[in-house]
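Working notes, beginning with the structure itself.
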Amino acid sequence: MGDSITNENSVISLKGVNKWYGNFQALKDINLEINSKEKIVICGPSGSGKSTLIRCLNRLEAHQEGQIHVTGIELHNRMKDIDTVRQDIGMVFQSFNLFPHLTALENCMAGPNWVKGVDEKEAKERAMALLKQVKIPEQADKYPEQLSGGQQQRVAIARSLCMQPKVMLFDEPTSALDPEMVSEVLDTMVELAKSGMTMICVTHEMGFAKQVADRIIFMDEGEIVEQNTPEEFFNNPQNDRTKAFLNQILS
Amino acid sequence: MFVDTVIEDKVLHKPVFLLYLSLTVLAIFFAFNFTNTIFGEFLSPVIGNPEESGFFGRLTVSFVLTILFVGNLLLISFARLKIQILIVWVELFFLFLAFAYSFGLEIAYIFENDFICSTESARKKLCTPSKIGLMVSKGLFTTIYISAVSIAIATVIAIFGAIAKLSNNGFAYAIASFYTSLFRGLPLLLQIYLIYMGLPQLGFMIDAIPSGIAALSLCYGAYMTEIFRAGIQSIPKGQWEASRALGFKFRLILQKIILPQSIPIIVPPTGNQFIAMLKDSSLVSVLGIWEIMFLAKKLGAKDFNHLEMLLTAAMIYWGLTIVLEMIQARIERKYQQKT
């Protein structure tokens, strides 16, 4: 009966998920429960499957075996309402992927206005409010290429938040940024975390992980090797692979 | 193109190069022998009767032409870039005119009254009673009309063709790829005949102008399908992913995200297609449509003044394509500013 109690609070659940690219197994038997308002950081060496895992959560990638439930709905290849599910899951990409032909404000208005049927005036107000929240209201009328990388990523975060998602996915949000711009994006994410958003972040920013994460998941070769609270994870890693990774990344 | 910041010496200003250039040009002028042309006549005070001037005359004429040619190059090389371009354009244009002039044409013929028109004009009060007037009022109008309608239809075909070629639907892909293969694979002239003569066999009586338009739009729709497909494919995958992640549906993504971004990529090659189509519309003259080419042939053939009318048609086509090029450049500039 313990299961049903956790399930009630669970936003995302993965059971025995396997995924292959041809002969290469990218995800191996992933089991994971993520509760509402939880902050998860996923780390691991490159090619360990962390991006693949996070992209399976809004089905930008398909898994071949096992079950993924998001907000109670199972993701599978014949589902009809994937677009509605995706409206509840915000995603921030490594390469920002802003729409270059739209201004920052229009980028943020697009989702609510075009798919949620919010009228233009309200969409604009909501977009402006979120651009204020990410601290760039003055850039609202600029096109993405006129913005710095950090500003673009913050617009991208605001664009996702405009859809009022239940979960936010971050796929290495600071990896493409110049070093001096990393902190402005991380600050935005920290504030978002404080507001109680459920967040799943693939990142190498260990400072951010320590500060924000409820749980750190370490992946290697497509499997979850270890998961723990930040304190235990950094001070008392159990697995040899985790130790090796931490040695590399913290030295 | 990237222009380097280091300026090299102009090759024209190197004496050795100038010498070799002059010798080469002299040899060419000498080989082609301009003694019996207007140049020889012009120099007759020096060389006497051109016909009898022999080797000396031929060499003198070539020498003078070489001095003119190389001196002209040298002078132009000192001008500013824009002036250089203008002067070279004007000179080449005059050379072209001189080439046309050398045919010994009867220019007045173009402006003469035409009997095709005078008999027809009784019924249709459309045309002006001169050949050039008829070419413009009837021919130019028909050419523009046919091209404009065909371009519009071809664009619509191309959008759907491109989407079909990119889709996972077997029927759509098969139909689209068969279509592009067929219409890119057959000569346009053949397509025009096939449509005009083939459709009536199926029981559809079709007039010359609609069949001309059908052939042009189907043919150019096939070329433009490939351009549109490439344009759509050139948009980074991340744009699709970001749109999908926001919960956009396929049609919305295409309409609001992908197509607006591919327009700047599509415009230059599409402009080329428009220009090519405008000229290829001359092929529908075989159906007896009164467009520029047909009228040029018809009006010139009567008195065997073919070249006069063909040159008139050439000038009209050239003028039209220049207008189209200007429109294309303006559209390109507009989209460059926006992104």
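Filtered by the rule that a residue be within 24 Å of the chain's Cα centre (by Cα), within 15 Å of B:Ala164 (Cβ to Cβ) and surrounded by fewer than 18 Cβ atoms within 10 Å (Cβ to Cβ), region B:207-238 gives B:Glu226, B:Ala230. With respect to the conditions (1) more than 10 Å from every other protein chain (Cβ to nearest Cβ); (2) of a type outside the set (Phe, Trp, Tyr); (3) part of a loop (DSSP other than H, G, I, E, B); (4) touching a residue at least 40 places away in the same chain (Cβ under 8 Å), A:Ile68 falls short on a single one, namely (3). Within region A:122-147, restricting attention to residues that are assigned to a loop (DSSP other than H, G, I, E, B) and under 23 Å from A:Lys194 (Cβ atoms), the residue that is nearest to the other protein chains (Cβ to nearest Cβ) is A:Val134. Considering B:Asp303, B:Asp280, the condition of being of a type in the set (Asp, Glu), more than 14 Å from chain A (Cβ to nearest Cβ), more than 30 Å from A:Arg86 (Cα to Cα) and assigned to a helix (DSSP H, G or I) is satisfied by B:Asp280 alone. Candidates are the residues of region A:109-121 that are hydrophobic (A, V, I, L, M, F, W, C) and at the interface with another protein chain (Cβ under 10 Å from one of its Cβ atoms); the one that is least open to solvent (accessible area, probe 1.4 Å) is A:Ala110.
Residue-wise test of (1) modelled with pLDDT of 85 or more; (2) among the acidic types (Asp, Glu); (3) more than 19 Å from B:Pro268 (Cβ to Cβ).
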| residue | (1), (2), (3) |
| --- | --- |
| B:Lys297 | yes, no, yes |
| B:Lys302 | no, no, yes |
| B:Asn305 | no, no, yes |
| B:Glu308 | no, yes, yes |
| B:Thr312 | yes, no, yes |
| B:Gly319 | yes, no, yes |
| B:Leu324 | yes, no, no |
| B:Lys334 | no, no, no |
| B:Gln337 | no, no, no |
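Does region A:90-99 contain any residue that is open to solvent by less than 10 Å² (accessible area, probe 1.4 Å), in a loop (DSSP other than H, G, I, E, B) and over 22 Å from A:Met199 (Cβ atoms)? Yes, region A:90-99 contains a residue that is open to solvent by less than 10 Å² (accessible area, probe 1.4 Å), in a loop (DSSP other than H, G, I, E, B) and over 22 Å from A:Met199 (Cβ atoms). Comparison of A:Glu106, A:Glu74 shows that the only residue that is surrounded by fewer than 22 Cβ atoms within 10 Å (Cβ to Cβ) and assigned to a helix (DSSP H, G or I) is A:Glu106.
A Cβ distance below 8 Å, combined with a sequence gap of six or more or placement on separate chains, defines the contacts here; from region B:82-95, residues that are surrounded by 12 or more Cβ atoms within 10 Å (Cβ to Cβ) reach residues that are outside any helix (DSSP H, G or I) in the pairs B:Ile87/B:Ala79.
Number of residues in region B:1-28 that are in contact (Cβ under 8 Å) with a residue 40 or more places away in the chain and closer than 16 Å to B:Thr66 by Cα equals 6.
Considered as a group, the residues in region B:239-264 that are among the aliphatic types (A, V, I, L, M) and more than 7 Å from chain A (Cβ to nearest Cβ) include one that is most open to solvent (accessible area, probe 1.4 Å), and that residue is B:Ile263.
With respect to the conditions (1) under 30 Å from A:Pro230 (Cα atoms); (2) open to solvent by 40 Å² or more (accessible area, probe 1.4 Å); (3) in contact with a strand residue (DSSP E or B) (Cβ under 8 Å, 6 or more places away or on another chain), A:Asp81 lacks only one, and its number is (1). Within region A:55-65, the residues that satisfy the criterion of being away from chain B (no Cβ under 11 Å) and buried (at least 20 other Cβ atoms within 10 Å of the Cβ) are A:Cys56, A:His63.
The values are calculated or read from the model by the stated rules, or taken from the named source; none is laboratory data. Everything quoted here is computed from the prediction, not taken from an experiment. Cβ coordinates were reconstructed from backbone atoms using ideal geometry, including for glycine residues, and neighbour counts include every protein chain displayed. Just so you know, the surface numbers come from the protein's heavy atoms only, side chains and all, with ligands and any DNA or RNA stripped out. Shrake-Rupley method; radii C 1.70, N 1.55, O 1.52, S 1.80 Å.
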